[in-house]
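Visitor: Sharing a structure below in structure tokens format, with a few things to ask.
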Amino acid sequence: MTIVTAKWSLQEYHQMIESGLLDNRQVELICGEIIEMSPEGAPHSSFCSEIGEYLRRILGDRAKIREAHPITLPDSSEPEPDIAIVRNRATLYRDRHPYPEDIFWVIEVADSTLAKDLGIKKDLYASVGIAEYWVINLQESVLIVFNNLTSAGYQSTSSLTSGLISPGAFPDISIDIHRLLT
């Protein structure tokens, strides 16, 4: 007996959303599979809001900060990263979600989702060309930075607990790591 696993396309996923089939369900499309998202606890929610506000102050109108909104990736994926820092073209996103070429970097705030964020999500973001990916590990109060992207994935990983960091897309700004972790 052969078992066939069906994968969903972006078009089919969008049709399910438009039909209401996924109403009241927290899901995202990852590599053609509809994955339930973990419920958001108070610490996670608070960190995401604080980080989003902090980045808005630092970046001003140089980038748009999108919190828990979909990004559309070419391999039948439409994840909802905790924070996506994207090109500031607000009217463009009225008709579609940001594509990889619109994304400066992505941040996931991880507690119960740490394994997924360091595994499938890291690999997914690298495979579509997102140059930089940050994971804020709430369990250990550490910022994990993935960058130096090649066709083989992220070639550099740093675990940081203090100091300043400049994202690759904005080397002239400094982000206080302690501020991200507290």
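Visitor: Kindly identify the stretch 39-128 as rounded, prolate or oblate by the Cα gyration tensor criterion: order the square roots of the eigenvalues as a ≥ b ≥ c, call it rounded if a/c is under 1.5, otherwise compare a/b with b/c, prolate if a/b is larger, else oblate. Could you put the intermediate results ahead of the total?
Guide: Details: a/c = 1.88, a/b = 1.08, b/c = 1.73.
Verdict is oblate for the stretch 39-128.
Visitor: List the relative contact order of the chain as a percent without decimals, with contacts defined as Cα pairs under 8 Å and 6+ residues apart. All intermediate terms of the calculation are to be shown ahead of the outcome.
Guide: Values: 304 pairs, mean separation 25.4, N = 182.
That works out to 14 percent.
Visitor: Tell me the angle of helix 42-59 to the major Cα principal axis of the chain, expressed in degrees between 0 and 90 and rounded to the nearest ten.
Guide: Relative to the chain, helix 42-59 is tipped by roughly 60 degrees.
Visitor: On to the next question. At 222 nm, what value in deg cm²/dmol follows for the chain if DSSP H runs of at least 4 each add -39500 (n - 2.57) and the sum is divided by all its residues, to the nearest 500?
Guide: On the way: 5 runs with 46 residues, N = 182.
-7000 deg cm²/dmol, from helical runs alone.
Visitor: Go ahead and set up a Gaussian network model of the chain, Cα springs under 10 Å, then flag whichever of D123, D111, D23 fluctuates most.
Guide: With Cα springs under 10 Å in the chain, the top fluctuation among D123, D111, D23 is at D23.
Visitor: Between [x] 16.5; [y] 17.1; [z] 25.6, which matches Kirkwood radius over Cα pairs in Å calculated for the structure shown?
Guide: [y]
Visitor: Right, next: Tell me, what is the FRET efficiency for I120 and D172 to the nearest 0.05, using R0 = 41 angstrom and their Cβ-Cβ distance as r? Before the final figure, lay out the partial values.
Guide: Working: r = 33 Å, r/R0 = 0.80.
Computed FRET efficiency for I120 and D172 comes out at 0.80.
Visitor: What lysines sit close enough to K64 to cross-link, taking a C-alpha to C-alpha distance under 26 Å and skipping anything fewer than 8 places away on the same chain?
Guide: Leaving aside lysines fewer than 8 places away in the same chain, those within reach of K64 are K116, K121, K122.
Visitor: So which aspartates and glutamates can K7 reach, going by Cα to Cα under 17 Å and dropping same-chain residues fewer than 8 places off?
Guide: List returned: E28, E33, E36, D75, E78.
Visitor: Here's something else I'd like to know. By its C-alpha gyration tensor, with a ≥ b ≥ c as the square roots of the eigenvalues, how is the stretch 18-57 shaped: rounded for a/c under 1.5, else prolate for a/b larger than b/c, else oblate? Can you show the working numbers first?
Guide: Numbers: a/c = 2.39, a/b = 2.17, b/c = 1.10.
Because a/c hits 1.5 or more and a/b exceeds b/c, the stretch 18-57 counts as prolate.
Coordinate-derived values only; no laboratory data. The shown structure was predicted, so the numbers you read here are calculated from the model rather than taken from an experiment. Cβ coordinates were reconstructed from backbone atoms using ideal geometry, including for glycine residues, and neighbour counts include every protein chain displayed.
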